[in-house]
Amino acid sequence: MTDGLYRAIPKSQYTLYEVVEGKPPRALGAFDSFTGGDQVISMVHYNVMDEHGNVTTKFIPGQTTFEPVVLLRPMDIVAKAIYKRFWKAVAGQLTTIKKNYSVSMNDSQGEPLVYWHLANALPVKVSGFDFNMTTESEYTSFEISLQAESIEVEFTKAAKPKVVSEALDAWDEAENG
């Protein structure tokens, strides 16, 4: 640790990238946890009456929505840079802050196995503070929630079931000792 800030290890389970068309993706930071992103199809209901006057409710799929994704990392200088993006969104700078991002799940060597591509994502929430020496002795956590207009999943060629299972086991072992 330097100056009271946690220094992230170079290999992390998840990496957030900013994606700009025509440029290589730029890594914004490494994260310890990545959750959310539920995809929900709303159902539109309508009633149908048969020849006997019986009414039956039927459903057809409607609009697809995406729940925000939440990324967790230590509170450090990288978190500060990401926090600044949130405040640009608060200030209404949506045309400059609404961007495409990708999050990779990495193997124990830091190589991407799976990507989640977040289209037109906007930071919608950052965590407050949580200082608890008993439960958070490693670091103070920082969370950011991104709301995407759509989410696509891409598996790399290395993402074989055995490799993904081994990567999850390696990260679990690193976390739990």
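The values are calculated or read from the model by the stated rules, or taken from the named source; none is laboratory data. A quick note: this is a predicted structure, and the numbers were derived from the prediction, not measured. For neighbour counting, all protein chains shown are included, and Cβ atoms are generated from backbone atoms with ideal geometry for every residue, glycine included.
Conditions (1) in contact with a Gly (Cβ under 7 Å, 6 or more places away or on another chain); (2) free of Cβ contacts under 8 Å to residues at least 60 places away in the same chain; (3) over 28 Å from residue 173 (Cα atoms); (4) among the hydrophobic types (A, V, I, L, M, F, W, C), marked per residue:
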{"site": "36", "(1), (2), (3), (4)": "no, no, no, no"}
{"site": "46", "(1), (2), (3), (4)": "no, yes, yes, no"}
{"site": "52", "(1), (2), (3), (4)": "no, yes, yes, no"}
{"site": "70", "(1), (2), (3), (4)": "yes, no, no, yes"}
(message) Go through region 61-81 and report how many residues are crowded, with 19+ Cβ neighbours inside 10 Å and not in a strand (DSSP E or B).
(response) 5
(request) Residues that are more than 19 Å from residue 31 (Cβ to Cβ), among the polar types (S, T, N, Q) and modelled with pLDDT of 85 or more: find the strands (runs of 3 or more DSSP E) completely inside region 87-177 holding 1 or more of those. (result) 112-126, 150-155
(message) Against the conditions (1) crowded, with 16+ Cβ neighbours inside 10 Å; (2) closer than 19 Å to residue 143 by Cα, where does residue 88 fall short? Just the number, please.
(response) (1)
(request) Test residue 37 against the criterion of being modelled with pLDDT of 85 or more and small (Gly, Ala, Ser), and give yes or no. (result) yes
